[in-house]
Amino acid sequence: MVLGLDMTTFTLIHVVISLIGIAAGLIAMIGLLSSKPLPGWTALFLVTTILTSATGFLFPFFQLLPSHIVGIISLVLLAAAVVALYVGRLAGWWRPAYVVTALLSLYLNVFVLVVQLFQKVTVLRDLAPNQNEPPFLAAQGVTLLFFVVMIIAALRRYHPAPSYARA
């Protein structure tokens, strides 16, 4: 039991929050790429991604796992993104700080999604049972390359109007 929920229910809630975070993050990323701030989608992305990382620590564990390291890194990145957006208001170097930290945290959420897909989907698990086989490495490599390109593009394109930065 976690938070009064059986493990199946808690896991389902954790996964749904994570998928909402990824979807909202991709929509917010489109806003960055088109230099159109999407405050509602951005807030939903930040909140659900923080919840995803935080709830990951509520699963029973007996030692520090790679998933915990990813969660810690994600929470640090998300804290920086929140500060850059809501305290720094994207002024000056806060804009690139926000773009990089927000999109890196989205990348980490997608990275974990790919790991989970290769663990849970039979066809993918059969292709890469140890997650060190070429199909898994290719999927993670494509994911990483995609986010590197998106981060560079967003850094070049995202220049929110001063009114949004002051909001």
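Can you say whether residue 59 is among the aromatic types (Phe, Trp, Tyr) and either under 25 Å from residue 142 (Cα atoms) or buried (at least 17 other Cβ atoms within 10 Å of the Cβ) (or both), as far as the supplied structure shows?
For residue 59, the condition - among the aromatic types (Phe, Trp, Tyr) and either under 25 Å from residue 142 (Cα atoms) or buried (at least 17 other Cβ atoms within 10 Å of the Cβ) (or both) - is not met.
In the list 79, 43, which residue meets the criterion of being open to solvent by 50 Å² or more (accessible area, probe 1.4 Å), under 16 Å from residue 102 (Cβ atoms) and either of a type outside the set (Lys, Arg) or out of contact with any helix residue (DSSP H, G or I) (no Cβ under 6 Å at 6 or more places or on another chain) (or both)?
79
Of all residues in the range 1-17, which are assigned to a helix (DSSP H, G or I) and hydrophobic (A, V, I, L, M, F, W, C)?
Residues satisfying the conditions are 7, 10, 12, 13, 15, 16, 17.
Of the conditions (1) in contact (Cβ under 8 Å) with a residue 12 or more places away in the chain; (2) part of a helix (DSSP H, G or I), residue 79 fails just one. Which one is it?
(1)
With the requirement that a residue be in a helix (DSSP H, G or I) and either farther than 30 Å from residue 157 by Cβ or in contact with a strand residue (DSSP E or B) (Cβ under 7 Å, 6 or more places away or on another chain) (or both), what does the range 50-71 give you?
54, 55, 56, 66, 67, 68, 69
Go over the candidates 16, 2 one by one and state the one that is farther than 20 Å from residue 160 by Cβ, hydrophobic (A, V, I, L, M, F, W, C) and in contact with a Phe, Trp or Tyr (Cβ under 6 Å, 6 or more places away or on another chain).
2
The values are calculated or read from the model by the stated rules, or taken from the named source; none is laboratory data. Here the structure is a predicted model, which means the values were calculated and not measured. Every residue, glycine as well, gets a Cβ built from its backbone with ideal geometry; the counts of neighbours run over all protein chains shown. Note: accessible area is taken over every heavy atom of the protein model, side chains too, but ligands, DNA and RNA are not part of it. Shrake-Rupley method; radii C 1.70, N 1.55, O 1.52, S 1.80 Å.
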